[in-house]
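The values are calculated or read from the model by the stated rules, or taken from the named source; none is laboratory data. Computed from a predicted structure; not experimentally measured. Glycine gets a Cβ as well: all are built from the backbone with ideal geometry, and neighbour counts include every protein chain shown.
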Amino acid sequence: MQFVLCLLVFVLSIILTGQVCQWAWSLGVVDEPGGRRSHLLPTPRGGGLAIVLSFWTWVICSIYLFQLPSFFWLTLSPSILVAMVGFWDDVSSVSAKKRLFFQFFCAILSLKLMGGIQVVLTIKGILVPATLVNLMALFFLVWSINLYNFMDGINGLAGFEAVSVAIFMALITFQDHAQTWSLMWFVLASAAGGFLLWNFPKAKIFMGDGGSYFLGFMFGLLLILSANVTPRWFWCGLILLGYFVVDATLTLCVRAWYRQPLMNPHQSHAFQIMLKNFRKSHVAVTSVILLINCVWLFPLALLVSKGYTEGFMTMLIAYFPLVIIVCKMKAGRPMN
């Protein structure tokens, strides 16, 4: 039954992406080449709308057909508003202040709906106050939205990241007999996978801010929810998202160090520099990062999920070579 549901979501996402592509062309929601962009031909954006619609079609059907617990769909509901803000930005530019306001609002709303973080956090035996833990979760969720948006820069990268991480998390939760969680991850992978067929290897449509905001919010929120259920799932998710986390975070920190405008478009992420080194091959860069996910990050996440290693230390081990790669690429430094 799970396979059939995921297949239907996948097919629906393919169909909806084609419809959004036509809509974007007719309304002129198109990214033109040039400047700091990585594409060479005019390409419509906003394809992430298909991911949102197909995923939420499953949620709505599951509420009525399979009695999906209200806790899940209520907590996830602010993701719709996050996506709407992104689509608003796709159609007409929205200021950074407005975007951040809505992102924080949605993050606060979701944390309220889930009842906050229930996990007791201690550092070297010292209890961290619950208020501080929830504040950390708030900023983590907002950062998840933005880092995913920052990393959506070349064909297939954001799509393959969503599909691979969601599938790996589905497998991890499935082995723990958490069927609702496993199905949710598989459905998210299916929704992203349908869009991916239109975005890779040649992009007929881009995900846009709406799609990247939605996926970043969903990953961040599901990992926070995971921390309340089984804390090791949280660490597994952070490990699997390792490349995106390291590239986006280090690049932002380096740009801040050199006093560069943090919200301005740029091409100084490690994956963008890699693209230049690989002769503008989107396929090569996306394949390298997907390979990192499969052969390095997933095995480490599996060790944590089975309880063989501790989550935080394994995350540091997973991130260490990624930090070296990003530093070697001189990510974030002023471009000559």
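Side notes on the structure shown:
- Boolean, residue 28 is modelled with pLDDT under 95 and not aliphatic (A, V, I, L, M): yes
- For residue 178, the criteria (1) surrounded by 20 or more Cβ atoms within 10 Å (Cβ to Cβ); (2) farther than 15 Å from residue 55 by Cα hold in every case but one, which is (1).
- Some residue of region 119-133 being in a helix (DSSP H, G or I), touching a Phe, Trp or Tyr at 6+ places or on another chain (Cβ under 9 Å) and of a type outside the set (Lys, Arg): no
- For residue 203, the requirement of being modelled with pLDDT under 95 and assigned to a loop (DSSP other than H, G, I, E, B) is met.
- Residue 221 vs. criteria surrounded by fewer than 21 Cβ atoms within 10 Å (Cβ to Cβ), in contact (Cβ under 8 Å) with a residue 40 or more places away in the chain and under 16 Å from the mean Cα position of the chain (by Cα): no
- Odd one out for residue 254, checked against (1) part of a helix (DSSP H, G or I); (2) more than 18 Å from the chain's Cα centre (by Cα); (3) modelled with pLDDT under 95: (3)
- Residues in region 304-314 that are part of a helix (DSSP H, G or I), under 16 Å from residue 173 (Cβ atoms) and not small (Gly, Ala, Ser): 304 only.
- Out of 136, 169, sole residue that is part of a helix (DSSP H, G or I), of a type outside the set (Phe, Trp, Tyr), at pLDDT below 95 and within 22 Å of residue 247 (Cβ to Cβ): 136
- Answer residue from region 267-280, given it is in a loop (DSSP other than H, G, I, E, B) and of a type outside the set (Phe, Trp, Tyr) and is farthest from residue 165 (Cα to Cα) among those: 279
- Any chance residue 99 is without any contact (Cβ under 8 Å) to a residue 40 or more places away in the chain and buried (at least 20 other Cβ atoms within 10 Å of the Cβ): yes
- Of the residues in region 281-302, none is exposed (fewer than 13 other Cβ atoms within 10 Å of the Cβ), more than 20 Å from the chain's Cα centre (by Cα) and not in a helix (DSSP H, G or I).
- In the condition set (1) buried (at least 19 other Cβ atoms within 10 Å of the Cβ); (2) closer than 30 Å to residue 116 by Cβ, residue 262 is compliant with all but (1).
- Residue within region 143-162 that is in a loop (DSSP other than H, G, I, E, B), in contact with a Gly (Cβ under 9 Å, 6 or more places away or on another chain) and in contact (Cβ under 8 Å) with a residue 24 or more places away in the chain present: yes
- Options 214, 195: the member that is more than 29 Å from residue 328 (Cβ to Cβ), surrounded by 24 or more Cβ atoms within 10 Å (Cβ to Cβ) and more than 13 Å from the chain's Cα centre (by Cα): 195
- Enumeration of residues in region 37-70 that are surrounded by 17 or more Cβ atoms within 10 Å (Cβ to Cβ) and polar (S, T, N, Q): 38, 43, 54, 57, 62
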